Amino acid sequence: MAKVFISGSSTGLGLMTGRLLVEQGHEVVLHGRTATRSREARRQLTKALDVVTGDLTTLRGMRDVAEQVNRLGRFDAVIHNAGIGYREPKRVETQDGVPEVFAINVFAPFVLTALIERPARLIYLSSGMHHGTAAHLDDLAWMHRRWSGSTAYAESKLYDVLLAFAAARRWPDVFSNALEPGWVPTRMGGPGAPDDMDQAHRTQAWLAVSEDAAARVTGEYFFHLKRLSPDPRTRDTRLQDQLIEACERISSVHWPG
């Protein structure tokens, strides 16, 4: 039995992943942005070990979620599932001075990775949209560019893979990987999304708990239980380090050695 924390798991793929893991006999802690969402998550998955609550748009909320998770003891795996999509029509700035897309999709995984007691496995959800996307580490906050919701989302998913690979390199005792679930008809993906919903949550659950040799790897990228080549930029260790340094400057949270 493994103990797994899943961020952003009151609905959608996060909840589906939690349900699959519980069905397999594992202990799962869910996360909801608000008390209402957390209660609904508990109602949807009564066998969850616990549900933590916190708003991942703010640094304060991220810290609070990490503290709640740490009070529950060490986890075997953390799945960074929380995210918002590519259809944000305007730049919405958080109280920490970054767009919501960056805060939830990148800043939160960084802060939670840094502050939650190190698990045996880390899983970061990316997207096929990260392919062919350039990193703009000099303008993470979108202060100097005309806003594009789809580009901001694609950049955030590139950064998620950079975080996963940085963790794999810096923490060789941890299996840290990234994946794309496909474009599926969740609230984020929209009703017209064409990919297979039944496959979208299985890779993250497999990476979190499986003893298969194919899952016990690190620094890899997956799609539907199989390795896939990520954008070559994600293998740039200098870019990985620059992203972490930028997140450290914004948050005053430092990546543990």
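State all residues of region 26-36 that are outside any helix (DSSP H, G or I) and either charged (D, E, K, R) or more than 23 Å from E117 (Cβ to Cβ) (or both); if no residue qualifies, say none. Selection gives E27, R33, T34. The residue list A103, A82 contains one member that is small (G, A, S) and either open to solvent by 10 Å² or more (accessible area, probe 1.4 Å) or part of a strand (DSSP E or B) (or both), which is A82. The residues listed here are T17, T11; of these, the one that is within 18 Å of the chain's Cα centre (by Cα) and either among the acidic types (D, E) or farther than 19 Å from P119 by Cα (or both) is T11. What single numbered condition from (1) more than 16 Å from I104 (Cβ to Cβ); (2) basic (K, R); (3) buried (at least 18 other Cβ atoms within 10 Å of the Cβ) fails to hold for K47? K47 satisfies every listed condition except (3). For region 114-142, a residue qualifies if it is under 18 Å from the mean Cα position of the chain (by Cα), farther than 22 Å from P181 by Cβ and among the charged types (D, E, K, R), and the qualifying residues are E117, R118. Taking the stated definitions as given, is M16 open to solvent by less than 60 Å² (accessible area, probe 1.4 Å) and either at pLDDT below 95 or under 22 Å from R202 (Cα atoms) (or both)? Answer is yes for this residue. Note on region 137-157: among residues that are surrounded by fewer than 16 Cβ atoms within 10 Å (Cβ to Cβ) and not polar (S, T, N, Q), the one that is farthest from V111 (Cα to Cα) is R146. Out of R91, R39, R74, I need the residue that is open to solvent by 50 Å² or more (accessible area, probe 1.4 Å), part of a helix (DSSP H, G or I), more than 22 Å from E180 (Cα to Cα) and not polar (S, T, N, Q). Which one? From the options R91, R39, R74, the qualifying one is R39. The C-beta contact set for region 225-239 (first residue under 22 Å from W206 (Cβ atoms) and open to solvent by 70 Å² or more (accessible area, probe 1.4 Å), second residue at pLDDT 95 or above and among the acidic types (D, E), distance under 7 angstrom, 6+ apart or interchain) comprises R227/E220. Filtered by the rule that a residue be out of contact with any strand residue (DSSP E or B) (no Cβ under 8 Å at 6 or more places or on another chain), among the hydrophobic types (A, V, I, L, M, F, W, C) and in a loop (DSSP other than H, G, I, E, B), region 106-142 gives A134, A135, L140.
Looking at T58, T53, which is the one that is at pLDDT 95 or above, hydroxyl-bearing (S, T, Y) and more than 12 Å from S9 (Cβ to Cβ)?
Working: T53 fails: more than 12 Å from S9 (Cβ to Cβ).
Just one listed residue meets the conditions, T58.
Might you check whether a residue that is surrounded by fewer than 24 Cβ atoms within 10 Å (Cβ to Cβ), of a type in the set (V, I, T) and at pLDDT 95 or above occurs anywhere in region 158-173? No - not one qualifying residue is present in region 158-173. If the condition is being open to solvent by less than 20 Å² (accessible area, probe 1.4 Å), in contact with a helix residue (DSSP H, G or I) (Cβ under 7 Å, 6 or more places away or on another chain) and either assigned to a loop (DSSP other than H, G, I, E, B) or not β-branched (V, I, T) (or both), then region 59-71 contributes M62, A66. For beta carbons closer than 6 Å, sequence separation of 6+ or different chains, a first residue in region 9-28 that is without any contact (Cβ under 8 Å) to a residue 60 or more places away in the chain and a second that is open to solvent by less than 10 Å² (accessible area, probe 1.4 Å) and in a helix (DSSP H, G or I), the qualifying pairs are S10/A41; V28/G18; V28/L21.
The values are calculated or read from the model by the stated rules, or taken from the named source; none is laboratory data. As the structure is a computational prediction, the values presented were derived from the model and not from experiment. We place every Cβ from the backbone using ideal geometry, glycine too, and count neighbours over all the protein chains shown. These accessible areas exclude ligands, DNA and RNA; they are computed on the full protein's heavy atoms, side chains included. Shrake-Rupley method; radii C 1.70, N 1.55, O 1.52, S 1.80 Å.
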